[in-house]
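Chemist: Below you will find the structure I want to go over with you.
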Protein chains: 2
Amino acid sequence: MNLAADPGVGLVSKQTFSAAEFKLTSGHIVQDLNLGYETYGKLNERGDNAILITHYFTGNSHCAGRYSETDIEVGYWDALIGPGRAIDTERFFVVSVDSLCNIGARDPRVITTGPASVDPTSGKPYGLRFPLVSIQDFVHSQRLVLQSLGVERLHAVCGPSMGAMQALEWGATFPELTPRVLAVIPGQVEADAYLIARVGSWMLPVLRDPNWKNGEYYDGPFPETGLADALRQITLDTLHYDWAARIFDRRPHDANKHPAAAIENRFAIETAISDVASVRARTADANSLLYLAKCVQTFSLRPRLQNIRSKVLILPASSDLLLFPAYGSSTFDTLRGLGLEVQLQTLEGTGGHLDGLYAISRAQDTIRRFLDS
Amino acid sequence: MNLAADPGVGLVSKQTFSAAEFKLTSGHIVQDLNLGYETYGKLNERGDNAILITHYFTGNSHCAGRYSETDIEVGYWDALIGPGRAIDTERFFVVSVDSLCNIGARDPRVITTGPASVDPTSGKPYGLRFPLVSIQDFVHSQRLVLQSLGVERLHAVCGPSMGAMQALEWGATFPELTPRVLAVIPGQVEADAYLIARVGSWMLPVLRDPNWKNGEYYDGPFPETGLADALRQITLDTLHYDWAARIFDRRPHDANKHPAAAIENRFAIETAISDVASVRARTADANSLLYLAKCVQTFSLRPRLQNIRSKVLILPASSDLLLFPAYGSSTFDTLRGLGLEVQLQTLEGTGGHLDGLYAISRAQDTIRRFLDS
């Protein structure tokens, strides 16, 4: 893409929403709520052109644009969001909010409230004293941010992966405010046993790290080895064998240290995913990973399914090995069984779960039509 | 199955094969080779009715029958092997051999030589001083056992998963001795990048266990937590979401400790796979897991593919999430591209990778015809 010719939303910045108190669905009250958010485009006078983007497990509200002219990375759905793109910022006011317990709690560009936050009553980080949260709590927190921006009713809620869970939860929690839901690489309408176990295995490396200390590590050292192993597992789960074979094949990491020669010698793919994970671990928070894993495991729309009134577009990825295309079909069947207007289109590709992020432009026209419908 | 009416091969026992020396393909020489094996049926006078069964990653040579009248478990392919079954022990002499570096090194019913064995030169367990081995070394060791039993040429080699790698390696290493290869839930003709990474993530929990101590743990305590976490991951990788949903659904492990109430509260599927893994870890050896993982990662028939002359039957499982059905198709395409007589049939089911073990009787007739061909 020629940046000079098509800069998308251009430069963006993170804002902060604050509230003195936030009541969770569990009844617990969180003091001093702070959440980052980004907006692109403008709210119209009728206040009815807002689209909320809900982010994935390891993501945050940075879904389009760049933070500076020299920023080499754009937000994860930049291909989808911008002037003339399917989520057209000439027409729509786009809002995205950093999740509660965001995994990037140590990233200066993420603003979140969770186990890494300072408990105002003790002056020390919460650790596991922070109450567990749910996908529905994310939705309630996003509602507050939207209200502070003058948005009462949404045009649509759109999100990939854990973001699709939130988008569907919007439909179930605030049916009158949610005419359209775009669920990209979604799970089923509740986490199934296999997903529960898979996400559970992301938690284990953190729980085993001797530096984790039952969550009391904020004085340091941080449990970065366990966190990196967890992020390595997540990375692997979001890939696909065709993609991995094409990029890495069977190359050793070091041609002079063949993997057949010693236990510690590695193939290129092994060091590549470990290195990426180690870098990400530096700005991530281990306890927050546990809290988000719980959110996914305990996600269930079942008690509120009957509330949904939204039109729904479901976009699974054909090569997804984490939230399988069959999960998207299951959600489609469930929602159609409720008599809803629901549409299913598969993102064909070999990029695995990540096709829901980086191959989203393949569905540009479908999404455009859906938002116009 | 009515045991009284159809006892299969009945009671079986493990034998030991020993050799003073065994030369690995790497050039290293292993002293005092000891390998367990089992046989069912009888070798005929011409010595041409032997079928070798090669086992999977966490398995051993116990593929049929029971060790005692009160033994509640039969060998893993009992449904396939026995009088009148596809691998008919009235006709065939069936042999299976415990692998080198077998993961069950601490199981009294497994006899193996590997990192947990005592190095005769030092009188202490080898640990990481044991040389790395390969799938081809397994094949060479099996050849020695077969020769000791008077078997020169095989009727067939049959194996699931890592056993399929060995079966194909027989065809590539001893083409004159291997007229038929049955490859059940196989990989590709070499481990691809994704499988390398997945198997690599089985190694990590062992490498991180503080008790692992670079493999020097035989004085105890053993790195059983890391080993159990690795076995948990392996177990999960061999399952399928439909099976998991049917058996476990979203039940909490303890109805009074709901997973949404505390970080440590678990769903039933989480504790079930962890508990199974912990039990298995008690008779398993952590270093041996690392050695077997290396065998799978470094597996490549590529340099010897042109040697193969065998007829090949490939049976992937439709719901396999570890060695995907596409891997079986890839192996089929590769072998057919070499002009070989190769047949592909998919085991339809929702049991995941494990369908190659526990749903094998669905292919009973296909296997019978193949062995008669």
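Chemist: In segment A:51-79, how many residues are open to solvent by 10 Å² or more (accessible area, probe 1.4 Å) and either part of a loop (DSSP other than H, G, I, E, B) or closer than 24 Å to A:Val151 by Cα (or both)?
Modeler: Selection size over segment A:51-79: 16.
Chemist: Here's a check for you: in segment B:237-282, which residue that is more than 22 Å from the chain's Cα centre (by Cα) and among the basic types (Lys, Arg) is surrounded by the most Cβ atoms within 10 Å (Cβ to Cβ)?
Modeler: So, considering only residues that are more than 22 Å from the chain's Cα centre (by Cα) and among the basic types (Lys, Arg), the one surrounded by the most Cβ atoms within 10 Å (Cβ to Cβ) is B:Arg266.
Chemist: Next question, about the same structure. Looking at B:Thr178 and the list (1) under 13 Å from B:Ser300 (Cα atoms); (2) surrounded by 24 or more Cβ atoms within 10 Å (Cβ to Cβ); (3) among the hydroxyl-bearing types (Ser, Thr, Tyr), which single condition is not satisfied?
Modeler: Result: B:Thr178 passes all but (1).
Chemist: Any residue at all in segment A:95-105 that's open to solvent by 20 Å² or more (accessible area, probe 1.4 Å) and not basic (Lys, Arg)?
Modeler: yes
Chemist: May I pose another question? Which residues, taken from segment A:290-327, are out of contact with any Phe, Trp or Tyr (no Cβ under 9 Å at 6 or more places or on another chain) and free of Cβ contacts under 8 Å to residues at least 40 places away in the same chain?
Modeler: Selection gives A:Pro303, A:Gln306, A:Ser318, A:Pro325.
Chemist: Select from segment B:108-145 the residues that are of a type in the set (S, T, N, Q) and either buried (at least 22 other Cβ atoms within 10 Å of the Cβ) or touching a residue at least 24 places away in the same chain (Cβ under 8 Å) (or both) and list them in ascending order.
Modeler: B:Thr112, B:Thr113, B:Ser117, B:Thr121, B:Ser134, B:Gln136, B:Ser141, B:Gln142
Chemist: While we're looking at this one, here's another question. Of all residues in segment A:35-50 being over 21 Å from the mean Cα position of the chain (by Cα) and touching a residue at least 12 places away in the same chain (Cβ under 8 Å), which is most open to solvent (accessible area, probe 1.4 Å)?
Modeler: A:Lys42
Chemist: Here is a further query. Quick one: is B:Asn287 in contact (Cβ under 8 Å) with a residue 60 or more places away in the chain, more than 29 Å from A:Leu132 (Cβ to Cβ) and open to solvent by less than 40 Å² (accessible area, probe 1.4 Å)?
Modeler: In short, yes.
Chemist: Of all the residues that make up segment B:290-333, how many are closer than 25 Å to B:Arg362 by Cβ and either crowded, with 24+ Cβ neighbours inside 10 Å or of a type outside the set (Lys, Arg) (or both)?
Modeler: 23
Chemist: I need a count of the residues in segment B:85-107 that are more than 17 Å from B:Met162 (Cα to Cα), touching a residue at least 60 places away in the same chain (Cβ under 8 Å) and in a loop (DSSP other than H, G, I, E, B).
Modeler: Of the residues in segment B:85-107, 7 are more than 17 Å from B:Met162 (Cα to Cα), touching a residue at least 60 places away in the same chain (Cβ under 8 Å) and in a loop (DSSP other than H, G, I, E, B).
Chemist: Please find, among B:Pro223, B:Pro120, B:Pro125, the residue that is over 30 Å from B:Pro325 (Cβ atoms) and within 14 Å of another protein chain (Cβ to nearest Cβ).
Modeler: B:Pro223
Chemist: Let me ask something additional. In this structure, does A:Asp365 turn out to be over 22 Å from A:His240 (Cβ atoms) and under 18 Å from the mean Cα position of the chain (by Cα)?
Modeler: So A:Asp365 does not fit the description; no.
Chemist: For segment B:170-207, name all the residues that are more than 14 Å from every other protein chain (Cβ to nearest Cβ) and not in a loop (DSSP other than H, G, I, E, B).
Modeler: Correct list: B:Trp170, B:Gly171, B:Ala172, B:Thr173, B:Pro175, B:Glu176, B:Leu177, B:Arg180, B:Val181, B:Leu182, B:Ala183, B:Val184.
Chemist: On to the next question. What number of residues within segment A:233-260 satisfy the criterion of being more than 7 Å from chain B (Cβ to nearest Cβ) and under 30 Å from B:Pro131 (Cα atoms)?
Modeler: Qualifying residue count, segment A:233-260: 8.
Chemist: Whether any residue in segment B:247-263 is more than 20 Å from A:Ala230 (Cα to Cα) and of a type in the set (Asp, Glu) is what I want to check.
Modeler: Looking for residues that are more than 20 Å from A:Ala230 (Cα to Cα) and of a type in the set (Asp, Glu), one finds at least one in segment B:247-263, hence yes.
Chemist: Okay, next question. Kindly indicate whether any position in segment A:9-24 is under 17 Å from the mean Cα position of the chain (by Cα), over 23 Å from A:Val184 (Cα atoms) and open to solvent by 10 Å² or more (accessible area, probe 1.4 Å).
Modeler: Looking for residues that are under 17 Å from the mean Cα position of the chain (by Cα), over 23 Å from A:Val184 (Cα atoms) and open to solvent by 10 Å² or more (accessible area, probe 1.4 Å), one finds at least one in segment A:9-24, hence yes.
Chemist: Which condition number in (1) within 14 Å of another protein chain (Cβ to nearest Cβ); (2) surrounded by 12 or more Cβ atoms within 10 Å (Cβ to Cβ); (3) not polar (S, T, N, Q) is the one that B:Gly82 fails?
Modeler: The single condition B:Gly82 does not satisfy is (1).
Chemist: B:Ser161 passes all but one of (1) open to solvent by 10 Å² or more (accessible area, probe 1.4 Å); (2) more than 14 Å from the chain's Cα centre (by Cα); which number fails?
Modeler: Condition not satisfied by B:Ser161: (2).
Chemist: Among the numbered conditions (1) at pLDDT 95 or above; (2) among the acidic types (Asp, Glu); (3) open to solvent by 10 Å² or more (accessible area, probe 1.4 Å), tell me where B:Glu152 comes up short.
Modeler: (1)
The values are calculated or read from the model by the stated rules, or taken from the named source; none is laboratory data. Here the structure is a predicted model, which is why all the values come from computation and not from measurement. Neighbour counts run over all protein chains shown; Cβ positions are idealised from the backbone, glycine included. Just so you know, the surface numbers come from the protein's heavy atoms only, side chains and all, with ligands and any DNA or RNA stripped out. Shrake-Rupley method; radii C 1.70, N 1.55, O 1.52, S 1.80 Å.
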